[in-house]
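Notes to accompany the following structure.
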Amino acid sequence: MKKSLLIIGFALAGILTGCQDILVHEISADQRAQQKDSVWTVRIEASKGDGMGTKGLEIGEDGLDNTTVLRSIWKNDEPVLVYLGADSIGTLKATPDPSDAHKATLSGTVTTTGITPNSTTLTLLTPRQEWDYTGQVGLLLNSNRSIESKYHYTMAENVLVMGVSNGAITTSHASFTNQQSIYRMNFRFQSAPVECRRVWISSDGGGLVLSRGLDGSSTTGTLDVTLDAATPNPFFVALRNNNTTSEEALRFKVMDYEGVTYYGTKTIPAQYKPNGTFVSMKNAPLTERLGVTLHTETTVTSAL
């Protein structure tokens, strides 16, 4: 009896093994990898155009106060978040092209399932997951609180997954676009410089963005910028406006080092509204202080 049971056991094992072989051979190697693996290595060739098309910023030779250009460059190891739909699936790091810092290779791993070659698209975002313009301190560079580090968002959409093989994903080229403009500003009142300590900025149309979702939703309102120390010199603010096509006034409430409050407006022409514009507002006149109103014509200059 024991011998018979042993023979039957071997026979059943052979039948089960045969079934498993049949099932495995009906599924391609790539399909098995997609079902089994959720961690993929990724290598993406990326580029950012001239002007302000990148998180990394480099000023012209005239210095922060006088430069007329912001050059776009990739920074070594700068983070790039990867999204599949609304889900964050990993972070890549950039390696700039040694001969052209407008180009970079993004590499790292993502964790996801359900990738379909020639159908699935990814969204890439820098510099951080929280798309938030609040908390700015007027710095452009060289600080973990600067625009370069926290507020200069760029995005590449519809990056097509072209293939999956041996645990790796290949994609189409990723072209990043800038998601806000950068304003350089300082103020004067009756021709005298104002030592700014804090500035509140709003737009007549109410579309100044405080935070944004990957789905395009946004919270709008008045942006509060508090400088580390009062200064009459130019400082920088990243502004995203839901109105990018028509002329509109920005409104400023400025507090100086003594706590005196000033008010003013600046009309931004339509040609300076698109995201990716560098707008210089040096010596912008403020027209009101404690109820005293002046009438001054204002202008806007832009350096691209």
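The values are calculated or read from the model by the stated rules, or taken from the named source; none is laboratory data. It should be emphasised that the depicted structure is a prediction, and the values quoted were computed from it without experimental measurement. Here the Cβ is made from the backbone with ideal geometry for all residues, glycine too, and neighbour counts use every protein chain on show.
Summary of computed values
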{"quantity": "Residue within the range 39-48 that is modelled with pLDDT under 95 and part of a loop (DSSP other than H, G, I, E, B) present", "calculated": "no"}
{"quantity": "The range 203-216, residues that are surrounded by fewer than 18 Cβ atoms within 10 Å (Cβ to Cβ) and either more than 15 Å from GLN180 (Cα to Cα) or touching a Leu at 6+ places or on another chain (Cβ under 9 Å) (or both)", "calculated": "ASP204, GLY205, GLY206, LEU210, LEU214, ASP215"}
{"quantity": "Hey, THR126 buried (at least 19 other Cβ atoms within 10 Å of the Cβ) and among the polar types (S, T, N, Q) or not", "calculated": "yes"}
{"quantity": "Filter result (closer than 21 Å to ARG212 by Cβ and crowded, with 21+ Cβ neighbours inside 10 Å) within the range 73-82", "calculated": "GLU78, VAL80, VAL82"}
{"quantity": "Candidate set from the range 50-72 (those that are under 14 Å from the mean Cα position of the chain (by Cα) and hydrophobic (A, V, I, L, M, F, W, C)); member that is modelled with the lowest pLDDT", "calculated": "MET52"}
{"quantity": "Residue check for ASN118: at pLDDT 95 or above and either more than 30 Å from GLY259 (Cα to Cα) or surrounded by fewer than 17 Cβ atoms within 10 Å (Cβ to Cβ) (or both)", "calculated": "yes"}
{"quantity": "Number of the condition not met by ARG32 [criteria: (1) modelled with pLDDT of 95 or more; (2) out of contact with any strand residue (DSSP E or B) (no Cβ under 8 Å at 6 or more places or on another chain); (3) not polar (S, T, N, Q)]", "calculated": "(1)"}
